[in-house]
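For reference, the structure discussed in these notes is given below.
What follows draws every value from the coordinates through simple rules; no lab data is involved. Remember, predicted model here, so these are calculated numbers, not experimental data. Positions of Cβ are generated from backbone atoms using ideal geometry, with glycine treated the same way; all protein chains shown enter the neighbour counts.
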Amino acid sequence: MEILQDIVILLTASVIVVAVFRRLALPPVIGYLFVGVALGPSASGVVSDALNIPLLAEFGVVFLLFTIGLEFSLPQLRTMRWTVLGLGGAQVLITSVLAAVAAWYLGASWPGAVVIGGALALSSTAIVIKQLTEQAEIHSRHGRKALGVLLFQDLAVVPLLILIPILANTSDGSIPLAQALALALVKGVGVFLLIIWLGRRALRPLFHEVAAARSNELFTLAVLLVALLAAWMTQLAGLSLALGAFLTGIMLSETEYRHQIEADIRPFRDVLLGLFFITVGMLLDPRDLLDNWHWVLLLVTALMLFKAVLIYVLVLVSGDDSRVAARTGAILAGGGEFGFAVLSLALASHLIQPAVSQIVLATIILSMIITPLLVRHNGLLAQHIANIGLATHGSGTVQAIAQSAHELRNHVIICGYGRTGQNVARFLEREGFAYLALDLDPARIRQARIAGEPVNFGDAAQHTILEAAGLKRARMVVISLDNPAAALKVMQHTREQRPDLPVLVRTRDDTWLEHFEQSGATAIVPEILEASLMLASHTLALLEVPLSRVFRYVREVRSDRYRLLRGYFHGEERLDLEQGERFHEQLHAMALPHGAYAIGKRITDTGLEEIDVTITAIRRGGIRGPQPEPDTRLLAGDVLVLYGAPENLEKAEALLLTGI
C-alpha cells in the first residue's frame, strides 16, 4: 500500500503545482520537476520510497516514443530531408561531440561523456512546437527549420537509448565495444524487420477488425496492447523498451487510424510522463545545487550560447538569411525533455556519477525554463542580432512578392490559398478581377504557379509581406487561413494601414466572431453556421415555404451576426481541455420549479446580462417562444433555453433558482 500512498501524494501535489504553473504560463514539465524536487528524498523526504514509481514512469517514455513514431511521416521526411538530415544531423553531431569532449576533459569517463553530450544536444520538442503554434509561427521559415531539427533530435534519441545499455555492459571491459555494437545492430535490424513484418501482416487487419466492433474501449485496449507488446519484444532482445514502441508507432502512422490512436494513447502518455518527470526531479539534490550553483549558471550560459550560435551558422550556411538563422538559433538554444530520459537511464546504468548528473540535470531544467521566453521573443532578439527589417522571410521573398504586385491596382489580396481561397480566386478570375494570393505551403504554391496562378510564398500575418503585396493599392482583402490567431494578425495589420479597406474573414465556427468583429472585419463567414443556414433554407424551400420569406430569414440571420444559430446543445462530446477556444458559448435548458427566485421577475431584472448569459427561448405550456422580449415575466414551470459559456451557465442556473 505504500506505493499507492506515494502516488496519491505525488498526484495531489502535481494537480496543485501544475495548475499554478499553467497560470504563470510556464511549461507543466517544470511543475512536475518541481514536485519531484520538493517531495523527493533529498528535500522534504515526504516520498522516500521511490523504488516502484520509476517502473510506472518508464512507460511514460515508452508511450512518448510511440506517439513520436505515429507523428513520423516518411513523405514529410523526404520533403524536409535537407533540413532534417543536413541541418539537424550537423547540429546533433557537432553539439554531442564537443560537449562530450568538454565533459571528458573535465573528468567524466568517456562513456559518461558520450551520454552527457547526447543529452545536451537535444531541445524541447513539446515546448517549442506548442509555443510556435500559439504564436502562429509553426509554418514560418524559422518554424519549419526548427521543426526539422527537432525531428532529427527525436530520432537521435532512439540510438542513444540503445547505446546506453551497451556502454554500461562494456564499461568493465568484459565485452569488447565493437562486439556489443555489432550484436545490438543485428538485434535491432532483426527486431525492426520482425515488427515491419508483423505490422504489414497483422497490425492493419487487427485494427480493421477492432474498428469494425465500434467500441472505443476495445480500440483503446488494442492500442495499449500493441504498444506494450512491441516494447516487451525489444526488451527481450536486450534493447530499449522505447525502441519497440517507436517502431510500432511508425508502422501505425501509415494507417487511417493514426489520429484516433494518438488521441487514445495521449492520456496514458501524459500522466505517466508526469510521473517520469517527477522521478527525475527526485534525483536532484537542492543542497548539491546550492554548492555548485556557479557551475550550473556557467554551463547553462555556455550551452545556450553555443547551441544558438551553432544553429545560426548552420542555417546561414544552408542558404537562409541572418534573420531566419537568428530566430531558429534562439528557439532551439535550450535543453529538452528527452535529455532527462537519457540521463535517467545513464544513472540507472551507473555510467555517470550522481554529482555530475546533478549539474547536468539542473542545466537542462534551467534552460527549459528560459526556452518559452526565447521562443516568445525570438523576433525581437533576431532584430537586435541581425538588424534586418523582415521577421519571417528573407529580403528575396519580399522582393518577389513586391515584383508580382508591382503593376496591380484595385486588386484583391487572398491570404491563404487552400480550397476556400482557390474557390474565391476562381470567381474573381471569371469576373476579371485581379488578385494576388499568399500561402505558406511550398507544394501548393509550386503547383499553382505551374498552372499560371498569381500565388506567392509569404506569411500574410507579417505586415511587411502585406505591404509588399500592395496593401495600400488593394481594393479588398480576403482572409482564408485555418489559423484564427494568424487571421487576427492579418486583420490588425490591415486595419493599421487601411482602416477603410473591406476585409472578409473566413472562420470555422462562431468561436472567434467577436474577435474579428472588434478588429473591424467587414464581413465574417463562419463555415459551419453558413452550412447550417444553407441547409435550413433548402429545407424550407422544399417544404414550399415562399422563397421571399426564406431569403428574408437568411438576411435577418446574417445581419444579426448569426445570433440565432450560435451555440448548441453539446451533449456528451469530449472536449480538449488544452484548446481553450473549444469552451465557447453553448445552449443549456432548465426548468423553473415552484419557489424559484426568478419567478415573477422580468428577464431584464434577473441579472443574467451581468454574467453574459442570454435567454434565447422560453417554452411555456407546450409552446416555444424564441427570442423573448426583455420585459417578459417568468412563471413557474417555464423552461428556459440559456446561451453562454459553461461556467456562466452554472452561475445563471444558481442565480435563477436561488438569487445568489
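By DSSP, the beta bridges lying fully in the chain are antiparallel in about 45 percent of cases. Label-to-label distance, Gln353 versus Asn483, with points set 7 angstrom from Cα along the beta-carbon direction: 4.7 nm.
Remark: the range 580-658 carries a charge dipole of roughly 420 debye about the Cα centre, counting +1 on each Lys and Arg Cβ and -1 on each Asp and Glu Cβ. With the gyration tensor restricted to C-alpha atoms of the range 468-514, the semi-axes of the equivalent ellipsoid amount to 20, 10, 10 Å, longest first. Amide H to amide H distances under 5 Å link Gln586 with Gly644, Ala645, where only residues 5 or more positions off or on other chains count and H is placed in the peptide plane.
For the range 590-595, putting each phi into the Karplus relation 6.51 cos²θ - 1.76 cosθ + 1.60 with θ = phi - 60° gives couplings of 8, 9, 8, x, 4, x Hz, in residue order, rounded to whole numbers and with x for Gly and Pro.
Can you tell me how much longer the chain between Arg376 and Arg81 gets when fully stretched, taken as 0.36 nm per residue apart minus their C-alpha distance, in nm with one decimal?
Gain in length upon complete extension: 103.5 nm.
Residues in the range 269-282 carry Karplus couplings, in order, of 4, 5, 5, 6, 5, x, 4, 4, 5, 5, 5, 5, x, 5 Hz; the curve used is 6.51 cos²θ - 1.76 cosθ + 1.60 with θ = phi - 60°, and Gly or Pro positions show x. Distance between the 7 Å Cα→Cβ label points at Arg287 and Ala541: 8.1 nm.
Computing FRET efficiency as 1/(1 + (r/R0)^6) for Leu183 and Gln399, where r is the C-beta to C-beta distance and R0 is 51 Å, gives about 0.35. Taking N as the residue count of the range 2-386, its C-alpha radius of gyration divided by 2.2 N^0.38 Å amounts to 0.97.
For the range 401-521, list log₁₀ I(q)/I(0) at each q in 0.14 Å⁻¹, using the Debye formula over Cα point scatterers of equal strength and ignoring solvent, two decimals each. So the normalised log intensities work out to -0.52.
Sorting the segments 603-610, 24-31 by their residues' average number of neighbouring beta-carbon atoms within 10 angstrom, most packed first, yields 24-31, 603-610. Packing here is the average count of other Cβ atoms within 10 Å per residue, and on that basis the peptides 551-561, 525-535, highest first, run 525-535, 551-561. Farthest towards the positive end of the charge dipole of the range 2-386, among the residues Ile265, Ala362, Gln235, is the Cα of Ile265, using unit charges on the Cβ of Lys, Arg, Asp and Glu. Its Cα gyration tensor gives the range 605-660 an equivalent ellipsoid; the semi-axes, largest first and in whole Å, are 18, 12, 11. Rounded to the nearest whole Hz, the Karplus-based 3J(HN,Hα) values (6.51 cos²θ - 1.76 cosθ + 1.60, θ = phi - 60°) of the range 326-333 follow the sequence 5, 5, 5, x, 5, 5, 9, 6, with x at glycine and proline.
For Lys472, the lysines whose Cα falls under 30 Å of its own Cα, not counting residues fewer than eight places away in the same chain, are Lys489. The residue list Gly89, Gln422, Ala591 was ranked by how far each Cα lies along the charge dipole of the chain toward its positive end, using unit charges on Cβ atoms, and Gln422 comes out on top.
On full extension, the segment bounded by Ile660 and Ala302 gains 123.1 nm, given 0.36 nm per residue less the C-alpha separation. Shown for Ile450, Ile196, Ile68, Ile127: other C-beta atoms within 10 Å of each C-beta, ranked fewest to most, produce the order Ile450, Ile196, Ile68, Ile127.
Peptide packing: for 404-413, 455-464, 639-648, the average count of neighbouring Cβ atoms within 10 Å per residue gives the ranking 455-464, 639-648, 404-413, highest mean first.
Report the gain in length on full extension from Val101 to Arg475: 0.36 nm times residue separation, minus Cα-Cα distance, nm rounded to one decimal.
Result for the pair: 128.6 nm of gain on full extension.
Cβ crowding within 10 Å ranks Leu273, Leu310 as Leu310, Leu273, fewest other Cβ atoms first.
Each of Gly60, Gly117, Val505 was scored by the projection of its Cα onto the charge dipole of the chain, and the greatest displacement toward the positive side belongs to Val505; charges sit on the C-beta of Lys, Arg, Asp and Glu. Computed from point charges on the beta carbon alone (+1 for Lys and Arg, -1 for Asp and Glu), the dipole magnitude for the chain about its Cα centre is near 1680 Debye.
Sort out for me the Cα centre separation of the range 81-144 from the range 584-633, rounded to whole Å. Centre-to-centre (Cα) distance: 58 Å. For the pair Ala645 and Asn216, a Förster radius of 30 Å applied to the C-beta separation gives a FRET efficiency near 0.60, rounded to the nearest 0.05.
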